[in-house]
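Following: one structure in structure tokens, then a few remarks.
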Amino acid sequence: MIATAALILDPEKCVRCEICTRLCGTGALKGESDGAALILRFLPELCPRECRTCIDKCPVWALSRGPGQQKKEWHLKYPQCRICGRPSLPYLPLAGGTGTPGPAEALCPTCRRELGAQKLEEAAPGTPQPAGK
Ligand code: SF4
Ligand code: SF4
């Protein structure tokens, strides 16, 4: 049996880049999609204690090892952008709102900006785009 150690993901830091799932050579970290959400799944029995590939390559230091053995798998679900399919940021309930995402909230920041620029061009052709476009 492979000696495993707890792998901890900090969802506050994770930017859903999927580098970890692409680099994991054992299948311990996998990215799946159910059509509406990206699911990041961790299977501890496939993760040898000595491996640190995903921990060292995560660009925002969202992964770390915890103490002791880890026996249970975990998964995190991130909503996917309804245009490009990339993982979007978690839905943030608007003040006084229901917490149910509206159409604009189901977009990643890039598609939200591009859609905004397209709407501005339709409403007022020739208007200079905001800086950064
Ligand atoms: S590499 Fe880091 S930031 Fe990217 S998906 Fe994995 S945990 Fe998140
Ligand atoms: S530590 Fe290695 S085996 Fe474990 S999830 Fe990360 S890349 Fe995969």
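Listing for the model above:
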read-out	value
Any chance residue 41 is surrounded by 15 or more Cβ atoms within 10 Å (Cβ to Cβ), in a loop (DSSP other than H, G, I, E, B) and within 15 Å of ligand 1 (Cβ to nearest atom)	no
Residue match in region 44-57 (condition: under 25 Å from residue 82 (Cβ atoms), in contact (Cβ under 8 Å) with a residue 40 or more places away in the chain and either surrounded by fewer than 12 Cβ atoms within 10 Å (Cβ to Cβ) or β-branched (Val, Ile, Thr) (or both))	no
Filtered residues of region 1-38 (kept if part of a loop (DSSP other than H, G, I, E, B) and away from ligand 2 (no atom under 13 Å from the Cβ))	1, 10, 11, 12, 13, 14, 15, 16, 17, 34, 35, 36
Failed item, numbered, when residue 84 is tested on (1) modelled with pLDDT of 70 or more; (2) over 19 Å from residue 31 (Cα atoms); (3) loosely packed, with under 14 Cβ neighbours inside 10 Å	(2)
Filtered residue count, region 1-52, keeping only those that are of a type in the set (Ser, Thr, Tyr) and modelled with pLDDT under 85	2
Tally, over region 14-38, of residues that are surrounded by 13 or more Cβ atoms within 10 Å (Cβ to Cβ), among the basic types (Lys, Arg) and over 10 Å from the mean Cα position of the chain (by Cα)	1
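The values are calculated or read from the model by the stated rules, or taken from the named source; none is laboratory data. In this text, all values refer to a predicted model and were calculated from it rather than measured experimentally. All Cβ positions, even for glycine, are placed from backbone atoms using ideal geometry, and neighbour counts span all protein chains on display.
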